[in-house]
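J.: Before we start, here is the structure in question, set down as structure tokens.
Laboratory data are not the source of any read-out in this text; all were calculated from the coordinates shown. Treat the numbers as computed from the prediction; the structure is a model and nothing was measured. FYI the Cβ positions are ideal-geometry reconstructions off the backbone, even for glycines, and counts take in every protein chain you see.
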Amino acid sequence: MIVRLGRNNMAISKDKKAEILVKLQKITKESKSMAFMNFHGISVADVTAVRRKLRENGVGYFVAKKSLLRKAMTEAGYTGTMPDLGGELGVAYSTDLVAPAREVYGFEKKLEKGAKLLGGVFEGVYKSQSEMVAIASIPSMLALRGMFANIINSPIQRFVIGLDQIAKKKTA
């Protein structure tokens, strides 16, 4: 009897593990923020869409064995407690502090089933799932600039409306 193992069931060679570990170490050194994502139950089409959207927003995405990821994280020396990394694990990473969490959380809401934000690393500190959701809720820089412009414009706008009302009273 011949048993054929699928690609996912095959053992990874030591050389391949060393290569993956080097890649993870590079990610941990260069990234300011990382978001851990459980992608169990997501279709190939959805994973492709996730990767494309992340790339468009300057966020990298890498899938690795949990044991190799834990080893790279331990070597990186992050503070705090590492979140529970259950299921099939992908890491979204970027030099932008908020982008990985925002994008992964956006896919969690969009896909509803399968994708799940598990936690992450923010400025060298492990963050729980709830803390990463809070970070994901921070508006983009463009939205913050718009809010700031609205705040600056508001007193001037109210002053002009007041002057207009005074002018209408005097002409009436």
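J.: Fewest first, what order do Ser13, Ser31 take by the number of other Cβ atoms within 10 Å?
T.: Least to most surrounded, the residues fall as Ser13, Ser31.
J.: Additional query: For Lys116, list the lysines whose Cα falls under 18 Å from its own Cα; do not include residues on the same chain fewer than 8 positions away.
T.: Counting by Cα, and skipping residues close in sequence, Lys116 has these lysines nearby: Lys53, Lys65, Lys66, Lys127.
J.: Note down the magnitude of the dipole of the chain about its Cα centre, charges +1 on Lys and Arg C-beta and -1 on Asp and Glu C-beta and zero elsewhere, to the nearest 20 debye.
T.: Using Cβ point charges on Lys, Arg, Asp and Glu, the chain gives about 260 debye.
J.: Just to be sure I understand, if you calculate semi-axes √(5λ) of the Cα gyration tensor in Å for this structure, which of (1) 38, 18, 11; (2) 47, 18, 13; (3) 29, 20, 13 do you get?
T.: Answer label, from the structure shown: (2).
J.: Taking θ as phi - 60°, what are the ³J(HN,Hα) couplings along the stretch 97-110 by the Karplus curve (6.51, -1.76, 1.60), each to the nearest whole Hz, with x for Gly and Pro?
T.: Couplings: 5, 9, 4, x, 5, 5, 5, 5, 5, x, 6, 4, 5, 6 Hz.
J.: Related question: Counting pairs of alpha carbon atoms under 8 Å apart in space and at least six apart in sequence, what relative contact order in percent does the stretch 12-138 give?
T.: Result for the stretch 12-138 is 36 percent.
J.: Report the residue, chosen from Gln129, Gln25, Gln157, that carries the largest GNM mean-square fluctuation when the chain is represented by alpha-carbon nodes joined by springs under 10 Å.
T.: Gln157
J.: Hey, what do the phi angles of the stretch 141-149 turn into as Karplus ³J(HN,Hα) couplings, whole Hz, using 6.51/-1.76/1.60 and θ = phi - 60°, x for Gly and Pro?
T.: Whole-Hz 3J(HN,Hα) from phi for the stretch 141-149: 4, 5, 5, 5, 5, x, 4, 5, 4.
J.: So how do Leu85, Leu24 line up by other beta-carbon neighbours within 10 Å, fewest first?
T.: Starting with the residue having the fewest Cβ neighbours, the order is Leu85, Leu24.
J.: Another question about this same structure. Label points 7 Å out from Cα along the Cβ direction at Val133 and Ser13: separation in nm?
T.: Computed distance between label sites Val133 and Ser13 equals 4.4 nm.
J.: In sequence order, what are the phi-derived ³J(HN,Hα) couplings for the stretch 161-172 according to the Karplus relation 6.51 cos²θ - 1.76 cosθ + 1.60 with θ = phi - 60°, rounded to whole Hz, with x for glycine and proline?
T.: So the J values, rounded to whole Hz, are 4, x, 4, 4, 5, 5, 5, 5, 5, 5, 7, 8.
J.: What are the aspartates and glutamates whose alpha-carbon lies under 12 Å from the alpha-carbon of Lys32, with same-chain residues fewer than 8 places away excluded?
T.: Reachable aspartates and glutamates: Asp96, Glu123.
J.: If we count other beta carbons within 10 Å of each Cβ, what is the order of Ile166, Ile42, Ile20, fewest first?
T.: Ile166, Ile20, Ile42
J.: Okay, moving on. Please compute the net charge surrounding Val91, taking Lys and Arg as +1 and Asp and Glu as -1 over other residues with Cβ under 13 Å from its Cβ.
T.: +3
J.: Taking the highest mean first, how do the peptides 56-65, 147-156 order by number of other beta carbon atoms within 10 angstrom per residue?
T.: Going by the mean number of other Cβ atoms within 10 Å, highest first, we get 56-65, 147-156.
J.: Quote the FRET efficiency, to the nearest 0.05, computed for Arg52 versus Thr171 with a Förster distance R0 of 45 Å and r equal to the Cβ-Cβ distance.
T.: Efficiency computed from Cβ-Cβ geometry: 0.15.
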